[in-house]
Amino acid sequence: MANDKADVLFIGPHRDHLFTELNKAFVIHHAPRPEDVDDAMTTKLAPTLRYVAVGGHPGAISGATMAKLPKLEIVSNFGVGYDNVDAKYAAAHDIMVTNTPDVLNEEVADTTLGLLLATTRDFIQADRYARSGEWEKQGDYKLSHSLRDRKIGIVGLGRIGRAIARRLDAMLLPVAYHARNRVKDVNYKYYADLVAMARDVDTLVVITPGGAATKNLINAKVLEALGPNGILINMARGSVVDEDALIAALTNKTIAAAGLDVFVKEPHVPQALKDMTNVVLLPHVGSASVHTRRAMEQLVVDNLVAWQAGKAPLTPVAETPSKRK
């Protein structure tokens, strides 16, 4: 019976498969936006609510909201990045936080390579040139940049970064990386200094976590070091790149081009970027295939179901390691 099910609060846009699976074990209370979790909702749920799921970047839960839910035990996040969850508050108050790693690694890496190729070779612009009839009127499309003579620097060599690097290996492109710490069991050149790496390569692929620690990591100094032949690909979070500095660098030809899947104030994209012909823009679709999003949604549910059964969650985040087995 429905009344035998525990309550779960889902914060974020409706997701068909996730809701179908959640409904098998829980009674769903839905807040499409974080601001919809108002005092009336938290007052109603506070006496019993133990489970929360958040829909990735469009859904978020702050420490202040968690504080209004004293029975809360777990927050299951949709997405690898969980900067939309106050994990520090959760850890300090014995609240488990989970995310959805691994199931999207290959999809995001595929998208990254597609965005890199499209940006470097002007594929989107060339498509428009053919569709508009300019090919017939003006002749062949202009020559593009190439990957053949490029050196790639990956900013963040986690699971997805390594999946990207494998693809670049197959394309015979030299790879280096910058991360907080050297990664074991890889042979790529490591740079502790991001500016030094930017100076030595001509293409930066950004796939580092978001949050305060990486805010504006790609700044004017990094872009200047990348140079006039430089290409920036951002698959991380919009906050990792100083958007104003990037617009200035593209306008002033400090770098050659950019491919962006993420932005600072999504879904808003600055008009200056829309107006540029040397920028490829994607609407945060890195993992957005039916196959991969369904796997991510299932992992959100599986983490909650495991916790409800008294087991360890499948994918706890680093701040809240599980004490269960």
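Values in this text are rule-based calculations from the coordinates and carry no lab data. All of these numbers come straight from a predicted model, not from anything done at the bench. Note: ideal-geometry Cβ built from the backbone for every residue, glycine included; neighbour counts use all protein chains shown.
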Calculated Rg and Dmax of the chain using C-alpha coordinates, Å: 21.7, 70
Among 194-206, 305-317, how do they line up from the highest to the lowest mean number of other beta-carbon atoms within 10 Å? 194-206, 305-317
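Rounded to the nearest 500, what is the 222 nm mean residue ellipticity of the chain from helices alone, with -39500 (n - 2.57) per DSSP H run of 4+ residues and division by all residues? Present the calculation step by step, with values, prior to reporting the outcome.
Values: 13 runs with 118 residues, N = 325.
So the calculated ellipticity at 222 nm is -10500 deg cm²/dmol.
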How far is helix 105-121 tilted, in degrees, relative to the longest principal axis of the Cα atoms in the chain, given as a value from 0 to 90 rounded to the nearest 10? 30
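Which entries in the list Lys68/Lys323; Lys142/Lys215; Lys142/Lys184; Lys44/Lys215 go over 32 Å, if you measure between the two C-alpha atoms of each? Working shown, then result.
Numbers: Lys68/Lys323 24 Å; Lys142/Lys215 36 Å; Lys142/Lys184 43 Å; Lys44/Lys215 36 Å.
Long pairs (Cα-Cα over 32 Å): Lys142/Lys215; Lys142/Lys184; Lys44/Lys215.
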Please find the FRET efficiency linking Val195 to Ala126, where r is the Cβ-Cβ separation and R0 is fixed at 25 Å, and quote it to the nearest 0.05. 0.15
Mean-square fluctuation maximum in Gaussian network of the chain, Cα pairs under 10 Å, restricted to Asp102, Asp83, Asp275, hits Asp275
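For each of Thr48, Thr98, count neighbouring Cβ atoms within 10 Å of the residue's Cβ, then give the residues from fewest to most.
Working: Thr48 10, Thr98 27.
By the 10 Å Cβ count, ascending: Thr48, Thr98.
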How far is it, in nm, from the label point at Val27 to the one at Ala46 when both lie 7 Å from their Cα along the line to the Cβ? 1.9
In degrees, nearest 10, range 0 to 90: what is the angle between the Cα axis of helix 159-170 and the longest Cα principal axis of the chain? 30
Vicinal HN-Hα couplings computed from phi for segment 232-247 (Karplus, 6.51 cos²θ - 1.76 cosθ + 1.60; Hz; Gly/Pro x): 10, 10, 10, 10, 8, 9, x, 5, 6, 10, 5, 4, 5, 5, 5, 4
Calculate one ³J(HN,Hα) per residue across segment 43-48 by plugging θ = phi - 60° into the Karplus curve 6.51 cos²θ - 1.76 cosθ + 1.60, and present them in order as whole Hz with x for glycine and proline. 5, 5, 8, 3, x, 10
